[in-house]
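J.: One structure coming up, written as structure tokens, with questions to follow.
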Amino acid sequence: MVKIENVSVSFDGFYALKGINVTLHEKRIGIIGSNGSGKSTFARLINGLQLPSKGKVQIDYLSTCKNGKAIRRKVGFIFQNPDHQIIFPIVEEDIAFGLKNIGYNKIEINQAIHDLLIAYGLSHLRYRKSHLLSGGEKQLLAILSVLVMEPTYIVFDEPTTFLDLKNKRKILQVIDELQQTIIMVTHDLDLLAHFDRVLVFDQGGLVVDDIPSVSIKGYQNLIYDQL
């Protein structure tokens, strides 16, 4: 359960979010809104990349302000651009990074990497240079580097923006098959048709919170009204 209580986020007096109250417990949750609406700030609250200026953010009753390390184990985050997430020059090194930080030994790390790459049919990439991967392969690497930590929740911030149609479909198939709770920020409204719930943000506020068809219609009406 993700619980956001009376949360505001301000930067130099400007409110990116103001007075947000929402509890999330569905398996597939979409987040939409215009640029600057506060949706990405909201997504970053969920794993502690952004802390609230006011109010509380709790993930399974753990505070993002007080339990940052535990929150990052529980909530994975996939950036829009995988180049901002990939740290190490070799694929296996990037996947291993998180496991090393939590004390896995070499044998455990090697087995975890092997099992994960086998499961996704990517064993041939294990020793490849990360910067030489295709856009789709980089996004997969970013996802695998999060999955290896076995999070409960995964937040995706516009994961298909830089992908062609073929790789977009591949990444979406991977996301669809994940067992974790998925929270996805996207401008691609068609991706959310089968989600359980969609939140619409506008000018720092949560303005619609409903099933996809209702929320998407509300967002489209909001855009038309602002033209």
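J.: Is there a residue being in contact with a Phe, Trp or Tyr (Cβ under 7 Å, 6 or more places away or on another chain), surrounded by 13 or more Cβ atoms within 10 Å (Cβ to Cβ) and part of a helix (DSSP H, G or I) anywhere in the stretch 126-138? Write out each step before concluding.
T.: Residues of the stretch 126-138 that are in contact with a Phe, Trp or Tyr (Cβ under 7 Å, 6 or more places away or on another chain), as a first pass: 130, 135.
This time we only want the ones that are surrounded by 13 or more Cβ atoms within 10 Å (Cβ to Cβ), so: 130, 135.
When the remaining residues are screened for being part of a helix (DSSP H, G or I), the result is 130, 135.
Yes, the stretch 126-138 has at least one match.
J.: Working carefully through the options Leu141, Leu192, find the one that is buried (at least 20 other Cβ atoms within 10 Å of the Cβ) and within 25 Å of Ile59 (Cα to Cα).
T.: Leu192
J.: Let me ask something additional. Check Ser10 against each of (1) free of Cβ contacts under 8 Å to residues at least 60 places away in the same chain; (2) polar (S, T, N, Q); (3) closer than 30 Å to Val174 by Cα and name the one condition it does not meet.
T.: Only one criterion is unmet by Ser10, namely (3).
J.: From the residues in the stretch 150-180 that are surrounded by fewer than 16 Cβ atoms within 10 Å (Cβ to Cβ) and of a type in the set (Ser, Thr, Tyr), which one is nearest to Asp83 (Cα to Cα)?
T.: The residue in question is Thr161.
J.: Next question. What residue, among those in the stretch 21-63 that are of a type in the set (A, V, I, L, M, F, W, C) and touching a helix residue (DSSP H, G or I) at 6+ places or on another chain (Cβ under 7 Å), is nearest to Gln179 (Cα to Cα)?
T.: In the first step, residues of the stretch 21-63 are kept if they are of a type in the set (A, V, I, L, M, F, W, C); the result is 22, 24, 29, 31-32, 42-43, 45-46, 49, 51, 57, 59, 62.
Of the ones still in play, those that are also touching a helix residue (DSSP H, G or I) at 6+ places or on another chain (Cβ under 7 Å) are 31-32, 57, 59, 62.
On the way: Ile31: 19, Ile32: 22, Val57: 23, Ile59: 17, Leu62: 21 Å.
Per the criteria, the residue is Ile59.
J.: Which condition from (1) on the phi < 0 side of the Ramachandran plot; (2) surrounded by fewer than 20 Cβ atoms within 10 Å (Cβ to Cβ); (3) touching a residue at least 40 places away in the same chain (Cβ under 8 Å) is the one that Lys217 breaks?
T.: (3)
J.: Further, regarding this structure: Is it true that some residue in the stretch 210-222 is more than 16 Å from the chain's Cα centre (by Cα) and part of a strand (DSSP E or B)? Walk me through it before giving the result.
T.: Taking the stretch 210-222 as the starting set, the residues that turn out to be more than 16 Å from the chain's Cα centre (by Cα) are 210-222.
Restricting the remaining residues to those that are part of a strand (DSSP E or B) gives 210.
Yes: the stretch 210-222 contains one or more residues that are more than 16 Å from the chain's Cα centre (by Cα) and part of a strand (DSSP E or B).
Table: residues versus (1) assigned to a helix (DSSP H, G or I); (2) over 17 Å from the mean Cα position of the chain (by Cα); (3) among the aliphatic types (A, V, I, L, M); (4) at pLDDT 95 or above.
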position	(1), (2), (3), (4)
Glu5	no, yes, no, yes
Val9	no, yes, yes, yes
Ile20	no, yes, yes, yes
Ile87	no, yes, yes, no
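J.: Separate question: Considering only residues that are of a type outside the set (A, V, I, L, M), within 23 Å of Arg126 (Cα to Cα) and surrounded by fewer than 21 Cβ atoms within 10 Å (Cβ to Cβ), which ones fall in the stretch 57-93?
T.: Phe79, Gln80, Asn81, Asp83, His84, Gln85, Phe88, Pro89, Glu92, Glu93
J.: Out of the residues in the stretch 168-208 that are assigned to a loop (DSSP other than H, G, I, E, B) and in contact with a Ser or Thr (Cβ under 7 Å, 6 or more places away or on another chain), which is farthest from Leu45 (Cα to Cα)?
T.: Looking at the filtered set, the residue picked out is Asp188.
J.: Return the total of residues in the stretch 89-123 being part of a helix (DSSP H, G or I), touching a residue at least 24 places away in the same chain (Cβ under 8 Å) and of a type in the set (Val, Ile, Thr).
T.: Final tally of qualifying residues: 3.
The values are calculated or read from the model by the stated rules, or taken from the named source; none is laboratory data. Bear in mind that the values here come from a model prediction, so they are computed numbers and not experimental data. Because the Cβ atoms are built from the backbone with ideal geometry, glycine has one as well, and the counts that use them run over all protein chains shown.
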